[in-house]
Amino acid sequence: MGYNISRIVKSSLANEKEDCVQFLLRSGSRYCENKEFDAARLEYEQAYREISTMCCTHDYRRLLRCEVQLALSDSYLKQKQTDDAYRYCQLAEMDRNSVKETRQSGKEFSDYPITKTIERYYKLITENRETLTWKQRILKYYYLAIAATYCKIGSQCDERYKYDMALSIYKHAIQITTKVFGVYHSAIAKLYDNIGNIYCCQDQYSDALSNYQASLNIRLKLYGNNHLDITQSYENIGEVYCKQNRYDDALSMHKISHMIRLETLGKDAIDLGHSSYNIGKIYCLQEKYENALEMYQQSLEIYRIKLGDSNVDVCNTYIGIGNVYFHLGNFDEAMAYYQKSLTIELKMYGEDNLHIANTYSCIGGVYNKQNKYDEAYAIYQKSLAIRLSKLGDDSLSVAHSYHWIGIIKYLQQQYDDAMKFYEKSLLITLEKLGSDHLEVAELYDRIGQLYHSRSQYDHAFAYFEKSLFIVMKILGEDTFKCVSLYRKMGYCYNEQHQFDAAVVIFEKAIRILSNLEGNYYQDIADLYKMIENIYWKQGKDEFAILAHQKCQEIIASE
């Protein structure tokens, strides 16, 4: 009889503790709703102490402790304390995994309360719900709660550039979510997107592409070919193709996305603005500047109407328009757009942010073109410092900073320093992008110019030729970049007194320029002038006079 009374007393005390834990969870939740996160965490910590004094051999109590740990994890997340949030989420998962789906002794699950932690996931479990026991449903809800918490932790790691930790967490979240939903679910597609985004930030484009394609395959299976949700996958894949210099493929992806969004949302939707911006970026990279400007202007009009002026999308579009004017040689207009973006970004982010670093780099490019080398060097150094602190010393963005600082050193005739920065940039770029990439071609071009300035014409020609091979492979011959390289190679021939070879290559450059869109009259005239001078040197007066006449005709027609 005494034994039975003792058991009843113990059971009553345990129930009181369980009720106390539930009360503390509800109290903490109310504090969270009022954004009183310190007070909420105190309630959750008290709940954790209470349940830690209880015997947790029963499944019910393990899940109750799991719920407390998830609440603690969430409270730490709200205060950006990622490591503590991760620790409690792992503990919650351990408790969840210790509960088997078979019926065991202990508190019955028929009266298990649907609490705030799991109620949001109740409607997500729709498949075969009637065939699941109540306990099995409860366990699935907890799986989703844990996976969702891991996703939030991964997102914070991503924001803080803890990419390896974020990758590990997202991959683990996929494993958990797959146990609940199977392979084909929108939540899993989103996780593949997140993983792809991180690989993009790490310049691992093949890995990014495989994850984006996995996401696209899921969405196509779920929604078919003409659904808004698949447009994000097309945009992501297009972005990777762009990074890989596969511009035609990138344009195709973005145009598919643009078409679906236009048909579904209409012409003034924000998402259509995103598509227009991305298409504009591809056109700019393809040197189709009028098309690029048209798409950027469409994008900007949508953003300003829908989002106002102080918005990151508006900033990005200002940068895009600035880039178009920069490539067209309108540096004052380019600087005006870059400064518009910088003013907004400084208000939004402060000075220690990668967006600011990118805009500083754009402004440095204008200073460079305006021959303001000290100003350019100073702002490139500011950009480099931010990138090194955020991304480490082996990032492509850091390589870009080295590249531009090398250019400034070259223009200041500090050739040894310039070569050091070029080589640093080339080492990272080759590692990240491989040998067949336009950024590698650009660095070969720069190194060739440096050798040319040192009168080392054989070395210069070799680097110009390496650059030309890559550019022709990616863009074809009919681009201004090829013209520029042909002209530099012609200069090398000229300096080495290989006059016939120089004339041949200058004439090839003229033929290309004559077929390009835009005003290249002065460039063509300059090339005829070079040919004229070569013929005078060779004593071919008749040919020199013809070249002179063509030069004058071009100047007059302008």
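The values are calculated or read from the model by the stated rules, or taken from the named source; none is laboratory data. Everything numeric here is computed off the predicted structure, so don't read it as measured data. Methodologically, a virtual Cβ is constructed for each residue, glycine included, from the backbone with ideal geometry; neighbour enumeration extends over all protein chains shown.
Of the residues 378, 418, which is outside the structural domain of residue 163 (by TED's automatic domain parsing), assigned to a helix (DSSP H, G or I) and surrounded by fewer than 21 Cβ atoms within 10 Å (Cβ to Cβ)?
Values: 418 fails: surrounded by fewer than 21 Cβ atoms within 10 Å (Cβ to Cβ).
Checking each option against the conditions leaves just 378.
Please count how many residues of the stretch 438-481 are surrounded by fewer than 16 Cβ atoms within 10 Å (Cβ to Cβ) and not in a helix (DSSP H, G or I).
Total meeting the criteria: 6.
Take the residues in the stretch 231-274 that are outside any helix (DSSP H, G or I), of a type outside the set (Lys, Arg) and surrounded by fewer than 16 Cβ atoms within 10 Å (Cβ to Cβ), then tell me which one is nearest to the chain's Cα centre (by Cα).
We begin by selecting, within the stretch 231-274, every residue outside any helix (DSSP H, G or I); these are 244-246, 266-269.
Pick out the ones that are also of a type outside the set (Lys, Arg) and you get 244-245, 266, 268-269.
Cutting the leftovers down to surrounded by fewer than 16 Cβ atoms within 10 Å (Cβ to Cβ) gives us 266, 268.
On the way: 266: 27, 268: 25 Å.
Per the criteria, the residue is 268.
Scan the stretch 421-437 for residues that are part of a helix (DSSP H, G or I) and of a type outside the set (Val, Ile, Thr) and jot them down. Working first, answer last.
Of all residues in the stretch 421-437, those part of a helix (DSSP H, G or I) come to 421-433.
Matches in the stretch 421-437: 421, 422, 423, 424, 425, 426, 427, 430, 431, 432, 433.
Test residue 335 against the stated conditions and say whether it is of a type outside the set (S, T, N, Q) and at pLDDT 95 or above.
Numbers: of a type outside the set (S, T, N, Q): yes; at pLDDT 95 or above: yes.
In short, yes.
Would you pick out the residues in the stretch 200-216 that are in a loop (DSSP other than H, G, I, E, B) and on the phi < 0 side of the Ramachandran plot? Can you show your working first?
Our first condition is that a residue be in a loop (DSSP other than H, G, I, E, B); within the stretch 200-216, this holds for 202-204.
Residues satisfying the conditions are 202, 204.
Restricting to the stretch 425-464, count the residues that are acidic (Asp, Glu) and out of contact with any Leu (no Cβ under 8 Å at 6 or more places or on another chain).
Total meeting the criteria: 4.
If I ask for residues that are without any contact (Cβ under 8 Å) to a residue 40 or more places away in the chain and β-branched (Val, Ile, Thr), which ones from the stretch 188-214 would you list?
Passing the criteria: 188, 195.
Spot the failing condition for residue 77; the list is (1) modelled with pLDDT under 80; (2) buried (at least 22 other Cβ atoms within 10 Å of the Cβ); (3) of a type in the set (A, V, I, L, M), and only one is missed.
Condition not satisfied by residue 77: (2).
Let me spell it out: the conditions are (1) in contact with an Asp or Glu (Cβ under 8 Å, 6 or more places away or on another chain); (2) assigned by TED's automatic domain parsing to the domain that holds residue 506; (3) within 22 Å of residue 371 (Cβ to Cβ), and residue 479 meets all of them except one. Which number is the exception?
Residue 479 satisfies every listed condition except (3).
Taking residue 293 as meeting all but one of (1) of a type outside the set (Asp, Glu); (2) in contact with a Lys or Arg (Cβ under 9 Å, 6 or more places away or on another chain); (3) part of a helix (DSSP H, G or I), write down the number of the exception.
(2)
Which residue, of 310, 341, 361, is among the polar types (S, T, N, Q), within 23 Å of the chain's Cα centre (by Cα) and closer than 20 Å to residue 406 by Cβ? First the steps, then the outcome.
On the way: 310 fails: closer than 20 Å to residue 406 by Cβ; 341 fails: closer than 20 Å to residue 406 by Cβ.
From the options 310, 341, 361, the qualifying one is 361.
Within the stretch 233-254, does at least one residue satisfy the condition of being more than 25 Å from residue 434 (Cβ to Cβ) and either in contact with a Lys or Arg (Cβ under 7 Å, 6 or more places away or on another chain) or without any contact (Cβ under 8 Å) to a residue 12 or more places away in the chain (or both)? Steps first, answer last, please.
Narrowing the stretch 233-254 to residues more than 25 Å from residue 434 (Cβ to Cβ): none.
There is no residue in the stretch 233-254 that is more than 25 Å from residue 434 (Cβ to Cβ) and either in contact with a Lys or Arg (Cβ under 7 Å, 6 or more places away or on another chain) or without any contact (Cβ under 8 Å) to a residue 12 or more places away in the chain (or both).
One residue is enough: does the stretch 100-115 have a residue meeting the conditions of a type outside the set (S, T, N, Q), under 20 Å from residue 149 (Cα atoms) and modelled with pLDDT under 80?
The initial filter retains those residues of the stretch 100-115 that are of a type outside the set (S, T, N, Q), namely 100-101, 103, 106-109, 111-114.
Subsequent filtering for residues that are under 20 Å from residue 149 (Cα atoms) retains 114.
With modelled with pLDDT under 80 added as a condition, the list becomes 114.
There is at least one residue in the stretch 100-115 that is of a type outside the set (S, T, N, Q), under 20 Å from residue 149 (Cα atoms) and modelled with pLDDT under 80.
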